[in-house]
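Engineer: Next up is a structure, given as structure tokens.
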Amino acid sequence: MTVGYLRPTRILVDQNAIYENIQNELKDLKGTDAVIFPVLKANAYGHGMIPVAEAAQAAGAAGFCVAILDEALALRRANFMEPILVLGITQPTEIELVIANQISITVGSLEWLQAAYEIVQQIPYPQPMHIHLSVDSGMGRIGFRDATELLAAATFIKAHAKYFDLEGIFTHFATADDPDDTYFKEQSARFNELVAVLPERPRFVHVSNSATSLWHSACNENLIRMGISMYGLNPSGNAIPELPYALKPALSLESELVFVKQVEAGSKIGYGATYEASESEWIGTIPIGYADGWSRRMQGSTVLVDGHRCEIIGRVCMDQLMIRLPKQYPVGTKVVFVGKSGDDEITLQEIADYAGTIHYEIICGLSDRLPRVYSGIDEH
Ligand SMILES: *Cc1c(COP(=O)(O)O)cnc(C)c1O
């Protein structure tokens with residue numbers, strides 16, 4: 001993807017916010033043996049993996065989580081030497097890369113281990129691969145559901161210690177961000193039941209995504225997979241406003257007016273000519289569109305110009321969109337899509353609510369065409 005460095009549309013990422021969110025979580029964990037593995041999947045939720053990893057490392061991250069092997073290898077290529085856990089299923093055919101790069105991987109079935117055993121024997125001088133067993137305690141995505149199979153997997157690993165090292169066991173909650181904790185408790189009980197079949201607890205036992213560590217910290221175990229809260233966003237959206245510490249959003253999105261005109265009443269704007277000016281109006285054009293991740297659903301939402309809310313009018317185009325201005329503003333005037341302007345602020349939660357989705361999807365959808373500009377980490 002060609003990055004648009006030469007147009008005035010950019011994502012600003014405050015690395016200090018990431019640093020502070022992790023430090024606040026570490027303070028919350030004080031007195032426990034839990035460590036933080038920030039979750040850097042999907043280009044660090046759209047924030048940019050390497051600069052987020054740098055801020056997280058400075059803040060005291062003990063390792064990292066990613067979703068896929070390619071992301072783990074990208075971190076290794078950038079010289080991050082901490083443990084890296086791939087949370088999704090890795091193809092057994094890729095285990096030579098896993099071993100050579102000392103990546104920790106998630107295993108969710110005995111069948112996978114048996115397939116890997118066949119392959120690993122072909123590899124010259126293998127080191128043991130670090131395995132985290134995934135337990136499906138009720139998420140219904142990946143992992144062991146059955147105690148007998150889980151024990152068989154642990155036994156298989158132990159019997160083939162030349163190739164396999166049981167580094168961790170974990171589960172993932174489906175409703176940790178729900179004010180109703182009934183299902184959470186069921187999952188927690190099921191996980192404990194399954195972990196109890198292992199003859200010994202591995203070095204890492206983990207259950208906590210952001211929501212769990214914020215609202216169910218008593219269940220934390222000893223590794224926190226800190227995702228959305230590191231980026232300063234409330235995992236629950238609006239459902240649970242109470243937080244143990246304030247979260248500081250790291251991402252903002254800005255552009256500039258590149259074209260400004262006054263149109264007469266009756267003038268049409270945009271594809272389909274769906275908008276008609278009801279009076280003489282000032283219209284601004286901004287170089288961002290659905291190819292950048294600003295979806296067509298955002299028609300009718302607002303952006304901030306000089307502290308004023310301005311409506312996106314007409315259809316959002318692939319690369320441009322139009323807004324109605326309260327008065328004439330010069331080309332080059334700043335336009336805020338996410339973040340503060342004057343006394344007002346547009347949050348990612350507001351955007352997600354308008355688009356009928358969650359903020360996770362908005363930030364992950366911001367395309368690679370948008371340059372990411374980093375504020376840099378202060379001396380702490
Ligand atoms: C993505 C993910 C996380 C992080 O979730 P957040 O809600 O962003 O904290 C943690 N664990 C697993 C298994 C994940 O897939």
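Engineer: Kindly provide the set of residues from region 233-251 that are crowded, with 22+ Cβ neighbours inside 10 Å and of a type in the set (S, T, N, Q), ordered by number.
Structural biologist: Passing the criteria: only Asn234.
Engineer: Follow-up. Among Gln102, Gln23, which is the only one that is more than 16 Å from the ligand (Cβ to nearest atom), assigned to a loop (DSSP other than H, G, I, E, B), open to solvent by 40 Å² or more (accessible area, probe 1.4 Å) and modelled with pLDDT of 95 or more?
Structural biologist: Only one candidate passes the filter, namely Gln102.
Engineer: Just checking, which of Thr182, Thr106, Thr90 is within 23 Å of the chain's Cα centre (by Cα) and within 22 Å of Glu221 (Cα to Cα)?
Structural biologist: One residue alone meets the criteria, Thr106.
Engineer: Would you mind telling me which numbered condition in (1) under 19 Å from Ala196 (Cα atoms); (2) touching a residue at least 12 places away in the same chain (Cβ under 8 Å); (3) open to solvent by 20 Å² or more (accessible area, probe 1.4 Å) Pro179 fails?
Structural biologist: The number of the failed condition is (1).
Engineer: In region 347-373, which residues are hydroxyl-bearing (Ser, Thr, Tyr) and crowded, with 19+ Cβ neighbours inside 10 Å?
Structural biologist: Tyr360
Engineer: Continuing with the same structure: Go through region 143-170 and report how many residues are touching an Asp or Glu at 6+ places or on another chain (Cβ under 8 Å) and either surrounded by fewer than 17 Cβ atoms within 10 Å (Cβ to Cβ) or not assigned by TED's automatic domain parsing to the domain that holds Val195 (or both).
Structural biologist: 2
Engineer: Would you pick out the residues in region 105-122 that are part of a strand (DSSP E or B) and over 20 Å from Met49 (Cα atoms)?
Structural biologist: Thr106, Val107 - these are the residues of region 105-122 that are part of a strand (DSSP E or B) and over 20 Å from Met49 (Cα atoms).
Engineer: Which of the residues spanning region 273-294 are open to solvent by less than 30 Å² (accessible area, probe 1.4 Å) and in a loop (DSSP other than H, G, I, E, B)?
Structural biologist: Within region 273-294, Ala277, Pro287, Ile288, Gly289, Gly293, Trp294 meet the criteria.
Engineer: Looking at (1) open to solvent by less than 40 Å² (accessible area, probe 1.4 Å); (2) not assigned by TED's automatic domain parsing to the domain that holds Leu150; (3) not aliphatic (A, V, I, L, M), which is the only condition Tyr5 fails?
Structural biologist: Looking at each condition in turn, Tyr5 falls short on (1).
Engineer: Output yes when any residue across region 70-84 is crowded, with 22+ Cβ neighbours inside 10 Å and either farther than 27 Å from Ser134 by Cα or β-branched (Val, Ile, Thr) (or both), and no when none is.
Structural biologist: The answer is yes; a qualifying residue exists.
Engineer: If Glu221 passes every condition in (1) free of Cβ contacts under 8 Å to residues at least 40 places away in the same chain; (2) charged (D, E, K, R); (3) closer than 13 Å to Ile36 by Cα but one, which one does it miss?
Structural biologist: Answer for Glu221: the failing condition is (1).
Engineer: Turning to a different aspect of this structure: Tell me, yes or no, whether region 186-203 has at least one residue that is on the phi > 0 side of the Ramachandran plot and touching a residue at least 40 places away in the same chain (Cβ under 8 Å).
Structural biologist: No, there is no match, as no residue in region 186-203 is on the phi > 0 side of the Ramachandran plot and touching a residue at least 40 places away in the same chain (Cβ under 8 Å).
Engineer: Separate question: Among the residues of region 199-252, which ones are within 12 Å of the ligand (Cβ to nearest atom) and assigned to a loop (DSSP other than H, G, I, E, B)?
Structural biologist: Answer for region 199-252, where residues must be within 12 Å of the ligand (Cβ to nearest atom) and assigned to a loop (DSSP other than H, G, I, E, B): Val207, Asn209, Gly227, Gly232, Leu233, Asn234, Pro235, Ser236, Gly237, Leu247.
Engineer: Going residue by residue through region 41-61, is there one that turns out to be at pLDDT 95 or above, under 17 Å from Phe204 (Cβ atoms) and in a strand (DSSP E or B)?
Structural biologist: The answer is no, given that none of the residues of region 41-61 is at pLDDT 95 or above, under 17 Å from Phe204 (Cβ atoms) and in a strand (DSSP E or B).
Engineer: With the checklist (1) assigned to a helix (DSSP H, G or I); (2) open to solvent by 10 Å² or more (accessible area, probe 1.4 Å) in hand, flag the one item Tyr125 doesn't pass.
Structural biologist: (1) is the only condition that Tyr125 fails.
The values are calculated or read from the model by the stated rules, or taken from the named source; none is laboratory data. Here the structure is a predicted model, which means the values were calculated and not measured. Here Cβ is always computed from backbone atoms with ideal geometry, including for glycine, and neighbour counts include all displayed protein chains. Just the protein is used for accessible areas: all its heavy atoms, side chains included, with ligands, DNA and RNA removed. Shrake-Rupley method; radii C 1.70, N 1.55, O 1.52, S 1.80 Å.
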